[in-house]
Amino acid sequence: MSIFVDENTKVVVQGISPTSQGLYHGLRNRAYGTHVVAGTNPNRGGEEIEGIPVFATVAEAVEATGANASFISVPPKFAAAAIVEAAAAGVPFVVCITEGIPAIDEALAYNRLVREYPGTRLLGPNCPGIISPGKCNIGITSGDIAMPGGPVGIVSRSGTLTYQALHELSQQGVGQTTCVGIGGDPVPGTSFIDCLSAFEADQDTKAIMMIGEIGGSAEEEAAEFIASSVTKPVVSYVAGVTAPPGRKMGHAGAIISGSKGTAQAKMDALAGAGVTVALNPTEAGEAMVDVVRKLG
Amino acid sequence: MDLFEYQGKQYFARFGIPISKGGVADTVEEAVAQAEASGYPVVVKAQVKVGGRGKAGGVKLADTVDEVRLHAGNILGLDIKGHVVKRLWVEHASDIAKEYYASFTLDRSAKKHLGMLSAEGGVEIEEVAVTNPDAIAIIHVDPVDGLTLEAARGWVERANLDEVARDQAAELLVKLYTCYTEGDCDLAEINPLILTPGGRVHALDAKVTLDDNAAFRHPEWEEFEGSDVEDERETRAKERGLNYIGLDGSVGIIANGAGLAMSTLDVVNQCGGSAANFLDIGGGANADVMAAALEVINSDPAVRSILVNIFGGITRVDEVAKGVLEALERVEISSPIVLRLDGTNAVAGREILADHLSDRLVAEPTMLDAARRAVALAGGKS
């Protein structure tokens, strides 16, 4: 089992053209084994690019191919509209990796989905995407660092640390059910809690690795949820212990204001919820290997 | 991007938010001219992006031209917490009956816009927030609905603003919301928002942070650029398009991705060292970017070793390896470099580097090993 995607996921790549990022990543995802069934481009409806049929709109693509997921990597100024278009077309799972969407647009798109298209789950924006090893890869994660078979589910706010986490586990022979990068933006479509809840319900996931970072209060909220609703063991790492307060560290999300949102506060909250808190990604990998061995 | 007070006020004015009559001055003579145009008495205010300027002597009241000359002369060049005053804002001084507080920002937990309004504004607002949180009336605005005048009226009433101020305040708050959304602000704050004895409500200060991600649709923001960065290293990095933050340590850091870069700082710290900077080169770790990154770090005299930590996702490690070698041909680097390269095409990348390794260019297999080595090369614990 896996969460959000599986071997039946059929992906439409929004904004496809011979030179687009969407095509580049879409082909990589297809090479991994993902069913990439369609692309969209308002000016290229009816064409075919690298064997991918192109439609003018997402609605037409869904109608013709039964796509049940979309992949968005269009530039920031078009991304919010692309998200809403996919939701309006009834796509239940939308992955947006675009970095640099204005916060105002992001907040508006998120709230429109909540109110007008509650059947759609958005992952991202500004995330590496999702991979269920051996089944489906939507986004920019390098498939060869992931290992099929479980039993670990990974959820992470940071892109490269997601890879690091996958790598640490795969190196030690520990596989993953699904690895979800929720992204570091101010208004992520999918939260830690959404993923924790899905992993808790997924029979094949036996343990959960959660990678957080400074800023906001998502880790603290996740800690509360873990304490009340997660029975599976959780190992966590929070990046940014040494980050100076009040400075943006690359992600719109990674900013500390006052004493709120510090790595220490987050680690304390997680430890208080019974989570094994590691001080660096390697230590987190080792702690998870221990957990998995004890599961037998 | 944080704006200076005068920029924030001018930004407010574009959205119809009332501000005091005034203007900017870079010299004493310009200050005099602005004072004459605004009408005495005036306030002469230092333009620095740091709090507590009043207590530091950066805000003075002037009744006459001689007083303007005296204060402007004293404040220009004044050092306020490391920020040297280069510009003044001179405005007509307002009589104040009441000081309120108003702001909009994004509430990440609620995923809606958060408005805060208080009848107890002024310099102590942060204390009010702690000691008497009920004195701050909050409103969550769903971006789909926006802030209606009706909602603003209810909010103003809840905040217990003086009766005479309520209509004007509600209208002003709708304008502030428009400024915040259409103006793409991360923060739009007025403290104090004042009520004059004559019953007029207007903004006496402006704290505005713009969302850099929205710059593409605000060509008018160009005028704000270049006035922000105080750290020379950061200026150089910004010119090269790098995401760099200067710190105080001796290990220079280059990593791809903000999370990995932050994590690299943490690991260096755990190994007993301290980072000289945060530098995220993002996805495009080609030779140009790598050369620029090494140049910027090399220009920092505190740096004793450089740690390059790359985990290839889209970024291919063989490209990174080529980039490092090309960069080294172009730039003379004074500190030893420790490389940790992993991920997509890592094996090919390590092969490319194999013949070039020396005591000046070291490769380590893991992030932790690389951090230990870099800390040791920087002279051990700092």
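If you average the alpha carbon positions of region B:77-142 and of region B:320-354, how far apart do those two centres end up, in angstrom? Answer, in whole Å: 48.
Amide H to amide H distances under 5 Å link A:His35 with A:Val11, where only residues 5 or more positions off or on other chains count and H is placed in the peptide plane. Close amide-amide hydrogen proximity is noted between A:Ala239 and A:Gly212, A:Glu213, A:Ile214, each under 5 Å apart and 5 or more residues distant or on a separate chain (H modeled in the peptide plane; Pro and chain starts excluded). Think of region B:232-377 as having a plus end and a minus end, set by charges on the Cβ of Lys, Arg, Asp and Glu; of B:Thr315, B:Ala255, B:Leu368, B:Leu368 sits farthest toward the positive end of this dipole.
By how many degrees, 0 to 90 and rounded to 10, does the Cα axis of helix A:103-116 deviate from the longest principal axis of chain A? The helix A:103-116 is inclined about 80 degrees to chain A. Here's how it looks for B:Val362: its modeled amide H is under 5 Å from those of B:Ile337, B:Val338, B:Leu339, which are all 5 or more places away or on a different chain.
As a length-normalised measure over Cα pairs under 8 Å and 6 or more apart, the relative contact order of chain A settles at 14 percent. In order along region A:6-20, the Karplus-derived 3J(HN,Hα) couplings, from 6.51 cos²θ - 1.76 cosθ + 1.60 at θ = phi - 60°, round to 7, 5, 9, 5, 10, 9, 9, 8, 7, x, 9, 7, x, 10, 7 Hz, and Gly and Pro are given as x. The phi torsions of region B:207-219, fed into the Karplus equation with coefficients 6.51, -1.76 and 1.60 and a -60° offset, translate into couplings of 10, 10, 10, 8, 7, 4, 5, 9, 4, 4, 9, 10, x Hz, rounded to whole numbers, with Gly and Pro shown as x.
The length gained by stretching the chain between B:Asn160 and B:Asp26 to full extension, at 0.36 nm per residue less their Cα-Cα distance, is 44.2 nm.
In this simple spin-label model, placing a label point 7 Å from the Cα along the Cα-to-Cβ direction at both B:Glu326 and A:Ala56 gives a separation of 4.2 nm.
Based on the Stokes-Einstein relation at 25 °C and a viscosity of 0.890 mPa s, and on the Kirkwood radius from alpha carbon pairs, region B:98-224 is assigned a translational diffusion coefficient of 164 µm²/s. Longest stretch of chain B clear of exposed loop sites (GluC sites (Glu not before Pro), DSSP loop, at most 14 other Cβ atoms within 10 Å, sites excluded): B:1-123. Of the residues B:His71, B:Val59, B:His83, the one whose Cα sits farthest towards the positive end of the charge dipole of region B:55-97 is B:His83 (charges of +1 on Lys and Arg Cβ, -1 on Asp and Glu Cβ, taken about the Cα centre). Reported to the nearest whole Å, the Cα centre-to-centre distance from region A:263-285 to region B:243-258 is 23. Under 23 Å of direct C-alpha separation, and excluding same-chain neighbours fewer than eight residues apart, B:Lys21 reaches these lysines: B:Lys9, B:Lys45, B:Lys49, B:Lys60, B:Lys86, B:Lys98, B:Lys175, B:Lys207.
Here each label is just a point 7 Å from Cα along the line to Cβ, and for A:Asp144 and B:Asp288 those points are 2.8 nm apart. Over all pairs of different C-alpha atoms in region A:1-75, the reciprocal of the mean inverse distance, the Kirkwood hydrodynamic radius, equals 12.1 Å. Helix A:76-88 and the long axis of chain A differ in direction by around 80°, with both axes built from C-alpha atoms. Given their separation in residues at 0.36 nm each and the Cα-Cα distance between them, B:Asp359 and B:Tyr40 gain 108.0 nm when the chain is fully extended.
Rounded to the nearest 20 debye, the dipole magnitude of region B:152-310 is 320 debye, with +1 charges on Lys and Arg beta carbons, -1 on Asp and Glu beta carbons, and the Cα centre as origin. Axis of helix A:218-229 versus longest Cα principal axis of chain A: the two differ by about 70°, to the nearest ten degrees. Take the Cβ atoms of A:Thr19 and B:Val123, set R0 to 56 Å, and the FRET efficiency comes out at 0.55.
Suppose R0 equals 22 Å. What FRET efficiency, 1/(1 + (r/R0)^6) with r the Cβ-Cβ distance, do B:Glu225 and B:Asn298 give to the nearest 0.05? With a Förster radius of 22 Å, E is 0.30. Normalised by residue number, the volume inside the convex hull of the Cα atoms of the protein assembly as shown is 162 Å³ per residue. For region B:232-377, the fraction of C-alpha pairs farther apart than 29 angstrom is 4 percent.
Note on the protein assembly as shown: with charges restricted to the Cβ of Lys and Arg (+1) and Asp and Glu (-1), its dipole about the Cα centre is near 920 debye.
No value in this document is a laboratory result; all are computed from the given coordinates. Because the structure is a prediction, the values reported are computed rather than measured. Neighbour counts are summed over all protein chains in view; Cβ atoms, including those assigned to glycine, are modelled from backbone coordinates with ideal geometry.
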